[in-house]
Amino acid sequence: VVIGHGNVALDCARILATPPAILSTTDISRSTLEILGRTAKVSVVGRRGPAQAAFTIKELRELMQIKDASFSVIADELDLADNEASRAEIHSKRALQRKCKLIQDAAKNVVSEKKNTLIELRFLLSPVAFEPRSDDPSRLGAIVFQRCELLGDPGAQKAHATGELIKIPASLAFTAVGYLTQALHTSSSFVPRLENDHGKIDSGLYCAGWSKRGPSGIIGTNITDARETVATMLQDFDALSSSEKCGIHSLQNATSWTDWLNLDAHERSLGEPFGAPRIKLNDVRKMLDIIRASS
């Protein structure tokens, strides 16, 4: 079970549902691949409806097109989410209309028993308890959800519990319901996003990505986001102090662009025998060892 309705939640479901033989030709780490088996059923669960789901249509299509997997939506849950406020939200955005149409069409799918995996997209469910297996209390056995209903104005609807409880069997659970960034420049430990003006936090201090705008968008969004921050930095360039700085060499285990290229070349060489673009290292110490050996 994957809890959340953002792109990260769909990415988790896609990895779980994709055949290992296909994953082996990607740059997924070998240690991850070794413990992944084909999952019989993946439920992606959110507390609101299709109109409020944060995932984009591109990621949804990719999930629906996984080889040897069926994709299912429960029509009754779409009916429960179909209120006047949600219809107004959908009507106001063309991209949202296309996404919701795709979800509605999926509810008409006939699930094939010949497929090895079932992917189920669930709505209006909020988790309240994780239950252990009866034969092994150290393992997850099920997740208890409460049925929700949507109340509020268009664009501001909240999920409210109805009192109905629904149990979904599960051997594994992922939560993908938010993100907090570490606020290094303040006394706050973690915040949803750093206060900034077009990427500028303070004199000489800038940010980009989720720390700048919060958990939204895709990789391509970060490119545009970073360009805006760099433009802000260039505007400030002449006003910055010209005094000599310690530079990158004063930082412990600092790495350069050349170091990254050397690490990338090493990872690409590891992937060649498997027909994969690269095999990513996931141990920072090993990464640094490779960089030092290439210097």
**Q.** Odd one out for residue 53 among (1) within 20 Å of residue 174 (Cα to Cα); (2) in contact with a strand residue (DSSP E or B) (Cβ under 7 Å, 6 or more places away or on another chain)
**A.** (2)
Q) Condition test on residue 212, is it of a type in the set (D, E, K, R), more than 28 Å from residue 10 (Cβ to Cβ) and touching a helix residue (DSSP H, G or I) at 6+ places or on another chain (Cβ under 7 Å)? A) no
Q) So residue 207 clears everything in (1) modelled with pLDDT under 95; (2) surrounded by fewer than 17 Cβ atoms within 10 Å (Cβ to Cβ) except one condition, right? Which one? A) (2)
(Q) I need the full set of residues from the range 248-279 which are closer than 30 Å to residue 21 by Cα and not in a helix (DSSP H, G or I), in order please. (A) 275, 276, 277, 278, 279
Q: Within the range 275-285, work out how many residues are within 17 Å of residue 33 (Cβ to Cβ) and without any contact (Cβ under 8 Å) to a residue 40 or more places away in the chain.
A: 1
**Q.** Test: residue in the range 219-242 that is open to solvent by 100 Å² or more (accessible area, probe 1.4 Å), more than 18 Å from residue 54 (Cβ to Cβ) and assigned to a strand (DSSP E or B)
**A.** no
Q) Identify, please: which residue in the range 258-274 is touching a helix residue (DSSP H, G or I) at 6+ places or on another chain (Cβ under 6 Å) and closer than 22 Å to residue 32 by Cβ and is, among those, most open to solvent (accessible area, probe 1.4 Å)? A) 266
Q.
Show me the helices (runs of 4 or more DSSP H) entirely contained within the range 1-83 in which 3 or more residues are of a type outside the set (S, T, N, Q) and open to solvent by less than 20 Å² (accessible area, probe 1.4 Å).
A. 7-17
Q | residue 282 being assigned to a helix (DSSP H, G or I), modelled with pLDDT of 85 or more and touching a helix residue (DSSP H, G or I) at 6+ places or on another chain (Cβ under 8 Å) | A | no
Q.
residue 16 - would you say it is more than 15 Å from the chain's Cα centre (by Cα), in contact (Cβ under 8 Å) with a residue 12 or more places away in the chain and under 21 Å from residue 169 (Cβ atoms)?
A. no
Q.
List the strands (runs of 3 or more DSSP E) inside the range 102-170, counting only whole elements, that have at least 1 residues being charged (D, E, K, R) and open to solvent by less than 30 Å² (accessible area, probe 1.4 Å).
A. 117-122, 140-151
Q) Pick from 84, 59: which is of a type in the set (Asp, Glu) and under 30 Å from residue 281 (Cβ atoms)? A) 59
Q) What pairs come up if the first residue lies in the range 42-59 and is modelled with pLDDT of 95 or more and among the hydroxyl-bearing types (Ser, Thr, Tyr), the second is part of a loop (DSSP other than H, G, I, E, B) and crowded, with 24+ Cβ neighbours inside 10 Å, and their beta carbons are under 6 Å apart, counting only those six or more places apart or on different chains? A) 43/1
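The values are calculated or read from the model by the stated rules, or taken from the named source; none is laboratory data. Small disclaimer: the values here were computed from a predicted structure and weren't measured. Backbone-built Cβ (ideal geometry, glycine too); neighbour counts: all protein chains shown. With ligands, DNA and RNA removed, areas are computed over all heavy atoms of the protein, side chains included. Shrake-Rupley method; radii C 1.70, N 1.55, O 1.52, S 1.80 Å.
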